[in-house]
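Let me begin by presenting the structure, written as structure tokens, before commenting on it.
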Amino acid sequence: MTDTHISGVSRRSFLHSSGSAAIAMPFVLTSVTRAASPGDTLKVGLVGCGGRGTGAASQALSADRNVQLVAMGDVFESSVKRSHAELSSQVPKEKIKVEPDKMFSGLDSYKKVIDSGVDVVLLTAPPGFRPEHFEYAVKAGKHVFAEKPMASDAAGVRRVMDAVAESKRKKLAVVAGFCWRYDYPRRAFYQRIHDGLMGEVRSIYATYLTSPVKPMPPASTRPQGMGDIEWQIRNWYNFVWLSGDGLVEQAIHSVDKIAWAMRDEPPESCVAVGGRAVAAHGGNIYDHIQVNYEWADGTRGFMAQRQSNNCHGENNDYLMGTKGLGYITGRGVYMTGENAWKYSGEKPDMYQVEHNELFASIRAGKPINDGDRMAKSTLMGIMGRMAAYTGAKVTWEMALGSKEQLVPEKATLDMPFDVPGLAIPGKTPFV
């Protein structure tokens, strides 16, 4: 797992490489690759056989009439077997064609899946591995569904950016797991914002206040003889190098919606506060972060993230424009002011829509490519984490050029790997 150079990517070229995000349904690129005829069987490989990966595979197999799952891989053999059994009970048997020799395990299992003759690969392993997996899939010429986020550090984002450029040259479909971009109510909402019906956006407040996702078990429960890397992967959410922190792994959905409102123009800078209120038991992520993003025109975006029990919970978005207010809450998706509106149309499952549009674009020879915005939203989350961990004001250029590399270059399950303790603002340096 190696770092890459920035490839001469300046902030300006990065911002304008993709322009505004497409919002209409469905949104596809105009570049055309060879269409897959209805008679062609699209072979799918799954990398990362946890709950999200199993769900993604089920949705992929429901997205197209002529698609088969033919290869599966995970670090742990037990995860592959469990996922295969679950899928076999949910999906028509003619769509599950995974022979025993195509069920791979180990840290290199992603290569075996990608090299097994698949057409489409689903990348759902922990985010720290995503850059390496995505890069390998693109080099192999595979269409990709990549779960969010795309990396856990800036070095990984730069690898993803380089691979995105290659995916465009190869006319590959790349769909990101930023699922709200495929939600019909939110598409309609942000389209109205981009059409100016709320006026100029002046501030955005997004919340992701929830309970812990995967609490870290006490060190005393670690099996004797288990290596550091294996222990950390089995508890991956609690380690920054694997998950990126709760802001980057879970609340990145809300960061992505802030970026969406701003037409995917990244902020110029941010400051943040955060910390850990509950004992980490050896993990090193914060359980709360609040970020204040600022754009060149003075617009502010506020991201509040917390993972604590017995606290107020909500996952909402509040937008203020010069002509009205916008809301995404439990009451619905709506606007008040000069152009009051509330969404009342179809609400198909956004997770399924992701895959429906991915496979439809492959069939049509007009591949969707979410690559630019998926990299930018990921870096925007990492930027906020950097600001919280260090106490520094972090600019977009600082985040993009950061030399921090959290992921070990060559990992083995039994290797020793000490992770840093909890970051201390004012003491932890920006790298």
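The values are calculated or read from the model by the stated rules, or taken from the named source; none is laboratory data. A quick note: this is a predicted structure, and the numbers were derived from the prediction, not measured. Here Cβ is always computed from backbone atoms with ideal geometry, including for glycine, and neighbour counts include all displayed protein chains.
List every residue pair whose Cβ atoms sit under 6 Å apart, with the two residues 6 or more apart in sequence or on different chains, where the first one lies in the stretch 157-186 and is crowded, with 23+ Cβ neighbours inside 10 Å and the second, anywhere, is among the small types (G, A, S) and not in a helix (DSSP H, G or I).
So the pair list comes out as V157/A151; V160/A151; A176/A146.
Under 7 Å by Cβ, and 6 or more places apart or on different chains, what pairs join a residue from the stretch 386-411 that is in the same structural domain as G106 (by TED's automatic domain parsing) and part of a loop (DSSP other than H, G, I, E, B) with one that is surrounded by fewer than 21 Cβ atoms within 10 Å (Cβ to Cβ) and of a type in the set (F, W, Y)?
none
Taking the options A392, A388, name whichever one is closer than 30 Å to I424 by Cβ, crowded, with 17+ Cβ neighbours inside 10 Å and touching a Gly at 6+ places or on another chain (Cβ under 7 Å).
A388
Please go through the stretch 167-183 and pick out each residue that is closer than 25 Å to E249 by Cβ and part of a helix (DSSP H, G or I).
Passing the criteria: S167, C179, W180, R181, Y182.
Residues F134, F189: which one is at pLDDT 95 or above, assigned by TED's automatic domain parsing to the domain that holds T336 and either surrounded by 24 or more Cβ atoms within 10 Å (Cβ to Cβ) or touching a helix residue (DSSP H, G or I) at 6+ places or on another chain (Cβ under 6 Å) (or both)?
F189 is the lone residue from the list that is at pLDDT 95 or above, assigned by TED's automatic domain parsing to the domain that holds T336 and either surrounded by 24 or more Cβ atoms within 10 Å (Cβ to Cβ) or touching a helix residue (DSSP H, G or I) at 6+ places or on another chain (Cβ under 6 Å) (or both).
For the stretch 106-113, indicate whether the set of residues that are crowded, with 22+ Cβ neighbours inside 10 Å, aliphatic (A, V, I, L, M) and assigned by TED's automatic domain parsing to the domain that holds G45 is non-empty.
yes
Return the residues of the stretch 36-56 that are in contact with a helix residue (DSSP H, G or I) (Cβ under 6 Å, 6 or more places away or on another chain) and either at pLDDT below 70 or among the β-branched types (V, I, T) (or both); say none if nothing qualifies.
V44, V47, T54
Can you confirm whether R65 is under 28 Å from D414 (Cβ atoms) and charged (D, E, K, R)?
No: the conditions fail for R65.
Any idea which of (1) without any contact (Cβ under 8 Å) to a residue 40 or more places away in the chain; (2) polar (S, T, N, Q); (3) in contact with a Phe, Trp or Tyr (Cβ under 8 Å, 6 or more places away or on another chain) is the one S344 doesn't satisfy?
Every condition holds for S344 apart from (3).
Tell me whether the stretch 415-425 contains one or more residues that are crowded, with 20+ Cβ neighbours inside 10 Å, outside the structural domain of L122 (by TED's automatic domain parsing), not in a loop (DSSP other than H, G, I, E, B) and not basic (K, R).
no
Does the stretch 114-134 include one or more residues that are in contact with a strand residue (DSSP E or B) (Cβ under 6 Å, 6 or more places away or on another chain), closer than 28 Å to M262 by Cα and either of a type in the set (S, T, N, Q) or assigned to a loop (DSSP other than H, G, I, E, B) (or both)?
No, every residue in the stretch 114-134 fails to be in contact with a strand residue (DSSP E or B) (Cβ under 6 Å, 6 or more places away or on another chain), closer than 28 Å to M262 by Cα and either of a type in the set (S, T, N, Q) or assigned to a loop (DSSP other than H, G, I, E, B) (or both).
Looking at the stretch 203-222 only, could you name the residues that are within 18 Å of A304 (Cβ to Cβ) and surrounded by fewer than 19 Cβ atoms within 10 Å (Cβ to Cβ)?
S203, Y205, L209, T210, S211, P212, V213
Among V113, V121, which is more than 18 Å from the chain's Cα centre (by Cα) and modelled with pLDDT of 95 or more?
Only one candidate passes the filter, namely V113.
Pick out the one residue from R187, R202 that is closer than 27 Å to H312 by Cβ and charged (D, E, K, R).
When all the criteria are applied, what remains is R202.
Taking the condition of a type outside the set (V, I, T), in a loop (DSSP other than H, G, I, E, B), at pLDDT 95 or above and surrounded by 13 or more Cβ atoms within 10 Å (Cβ to Cβ), does Y286 pass?
Judged against the criteria, Y286 is a match.
Conditions tested, residue by residue: (1) hydrophobic (A, V, I, L, M, F, W, C); (2) in contact with a His (Cβ under 7 Å, 6 or more places away or on another chain); (3) without any contact (Cβ under 8 Å) to a residue 60 or more places away in the chain; (4) not in a loop (DSSP other than H, G, I, E, B).
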{"site": "K43", "(1), (2), (3), (4)": "no, no, no, yes"}
{"site": "A56", "(1), (2), (3), (4)": "yes, no, no, yes"}
{"site": "L61", "(1), (2), (3), (4)": "yes, no, yes, yes"}
{"site": "D64", "(1), (2), (3), (4)": "no, no, no, no"}
{"site": "V70", "(1), (2), (3), (4)": "yes, no, yes, yes"}
{"site": "S79", "(1), (2), (3), (4)": "no, no, yes, yes"}
{"site": "A85", "(1), (2), (3), (4)": "yes, no, yes, yes"}
{"site": "E94", "(1), (2), (3), (4)": "no, no, yes, yes"}
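Only one residue in A137, A163, A155 is in contact with a Phe, Trp or Tyr (Cβ under 6 Å, 6 or more places away or on another chain), more than 29 Å from G330 (Cβ to Cβ) and not acidic (D, E). Which one?
So the residue among A137, A163, A155 that is in contact with a Phe, Trp or Tyr (Cβ under 6 Å, 6 or more places away or on another chain), more than 29 Å from G330 (Cβ to Cβ) and not acidic (D, E) is A163.
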